[in-house]
Amino acid sequence: MTLDLLATVDIAVIGAGLAGLSCARHLSNAGAKVAIFDKARGVGGRLATRRGSLACFDHGAQYFTARAPELVLAVADWQADGVVEQWQGRIRAFDGTHFAPVPSERRYVGVPGMSSLAQHLLGKLPFFAEHRLLELAWNGHDWRLKFEDGGRCHARWLVLALPAPQAAALLGMEHPLYAQVASVSMAPCWSVMLRCARPLPCEFDGCFVNAGLLSWVARDSSKPSRPRSEAWVLHASPVWSRQHVRESPEAVTVALLSAFARLANTRIEPPEVNAHRWLYAMADQPLQFGCLGLLDQHLVLAGDWLNGSRVEGAWLSGLRSAEWLLALSAKA
Ligand SMILES: Cc1cc2nc3c(=O)[nH]c(=O)nc-3n(C[C@H](O)[C@H](O)[C@H](O)COP(=O)(O)OP(=O)(O)OC[C@H]3O[C@@H](n4cnc5c(N)ncnc54)[C@H](O)[C@@H]3O)c2cc1C
């Protein structure tokens, strides 16, 4: 979609991750007019799926849980729509010496990939891909937005659904919400995706690794509706990812593969392997506000960092920001 120069939109949602999409979907369902912008080519943000020639990898969020009653209801709808299924993988925890079972809970995944849920939430809502917001200014009546490609627009209401450091950089140090937003730091995460020629002899499909440089490994091919080729995703711990944030993908791949070979106690020579760095993977100490609004400026911030730093929190933050906006715009 292209943007008319100096177009005016009612509600601009910046960020098409789960928080932005949840907000936009709830607003649109209530009859509001929204336009969604993202710097990426597609939707989903950290709810991401990479499709290889023979395998499919969820290299961001692995699965999600649903505890809040609103999300439990939404998940039932998504299951009925065929975009979410329960993952029955065998999950373990490793403490450096022993593997132990973890408490069972319902773990949901998008099908055929995590990003399918984002596509589903977007539906036919207006979406401007490859629109990186560069500048924003409130003029007392509306927002002036300037994008990287030179596009501009006005928005009566603005939703910033971005990781905290990116939202803080856009708001600028003079903004009244800057200090609160900038106080939330986010850890990076290196993610390595590998397709193996044959199934690995592991007695788990997912493992929380609580020792060494790995934090999590998952057999993505054990998730429902995935290609059958043996596919794994490995995540480095926040501490290791921070220490190696500027490392080359090749060096990171070597380090994570060798740690995984030790964990799985097997030789691993994958024919296909890739690394991805998430610069803002998870908030170190997320806030629990739901969302953060500024009535005077018709502005609301949403994102996982405002609600627990997980998929569930991101979706709920989007919902809370939509509720906040609907309540206020009704009065304005
Ligand atoms: C490696 C990893 C593993 C994870 N595992 C799990 C898990 O197993 N379970 C779980 O529940 N959660 C997990 N999470 C967390 C989960 O992915 C996030 O909580 C959730 O997806 C965050 O959604 P969000 O909408 O708040 O942010 P994001 O998904 O980050 O969305 C923000 C969007 O803003 C866009 N953007 C940024 N700057 C601009 C700009 N200037 N202009 C326009 N667009 C911009 C980005 O492109 C992005 O699409 C994981 C995250 C990572 C990275």
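The values are calculated or read from the model by the stated rules, or taken from the named source; none is laboratory data. Quick caveat, the model's predicted, so the values are computed rather than measured. Counting neighbours? That spans all protein chains shown, and the Cβs are built from the backbone with ideal geometry, glycine included. Note: accessible area is taken over every heavy atom of the protein model, side chains too, but ligands, DNA and RNA are not part of it. Shrake-Rupley method; radii C 1.70, N 1.55, O 1.52, S 1.80 Å.
Tabulated results
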item: Charge-dipole axis of the chain as Lys and Arg at +1 and Asp and Glu at -1 on Cβ define it, positive-most pick from LEU287, ALA76, ALA251; result: ALA251
item: Percentage relative contact order, the chain, counting C-alpha pairs under 8 Å, at least six apart; result: 23
item: Global geometry of segment 51-119, whether rounded, prolate or oblate, following the gyration tensor of its Cα atoms and the 1.5 cut on a/c; result: oblate
item: Base-10 log of normalised Debye intensity for the chain (one unit scatterer per alpha-carbon) at q = 0.12 Å⁻¹; result: -0.84
item: The chain: antiparallel DSSP beta bridges as a percent of all, rounded to 5; result: 65
item: Cα centroid separation, segment 51-123 to segment 155-201 (Å); result: 20
item: Cα-centred dipole magnitude for segment 1-78, charges only on beta-carbon of K, R (+1) and D, E (-1), debye, nearest 20; result: 260
item: Among 129-135, 169-175, 40-46, the order from most to least packed when residues are scored by Cβ within 10 Å on average; result: 40-46, 129-135, 169-175
item: About the Cα centre, charge dipole magnitude for segment 221-331 (Lys/Arg +1, Asp/Glu -1 at Cβ), debye; result: 200
item: Helical mean residue ellipticity (222 nm; -39500 (n - 2.57) per DSSP H run of 4+; nearest 500) of the chain; result: -8000 deg cm²/dmol
item: Three-way shape call for segment 203-262 based on the alpha-carbon gyration tensor, with the a/c threshold at 1.5; result: prolate
item: Farthest positive-ward along segment 125-172 dipole, Cα basis, beta-carbon charges - from PHE147, ALA169, LEU158; result: LEU158
item: Rounded to 10°, Cα long-axis angle of helix 18-29 versus longest principal axis of the chain; result: 50
item: Label-to-label distance, nm, for residues given as ALA32 and ARG246 (7 Å Cα→Cβ offset); result: 4.2
item: Charge dipole (the chain, unit charges on Cβ, about Cα centre) - positive-most of SER191, ALA35, LEU306; result: SER191
item: The chain - percent of accessible surface contributed by carbon and sulfur, probe 1.4 Å; result: 51
item: Cα-centre dipole for the chain with unit charges at Cβ (Lys and Arg positive, Asp and Glu negative), debye to 20; result: 480
item: Around LEU263: net Lys/Arg minus Asp/Glu count, Cβ-Cβ under 15 Å; result: +2
item: Surface per residue (accessible, 1.4 Å probe) for the chain, Å²; result: 46
item: Sequence ranges 94-106, 296-308, 196-208, ranked by mean other-Cβ count within 10 angstrom, highest first; result: 296-308, 196-208, 94-106
item: Gyration tensor (alpha-carbon) shape descriptor, segment 196-332, a/c threshold 1.5; result: prolate
item: Angle between the chain longest axis and helix 69-81 axis [Cα atoms, degrees, rounded to 10]; result: 70
item: Order by protection proxy (mean Cβ within 10 Å, highest first), peptides 285-295, 68-78, 231-241; result: 231-241, 285-295, 68-78
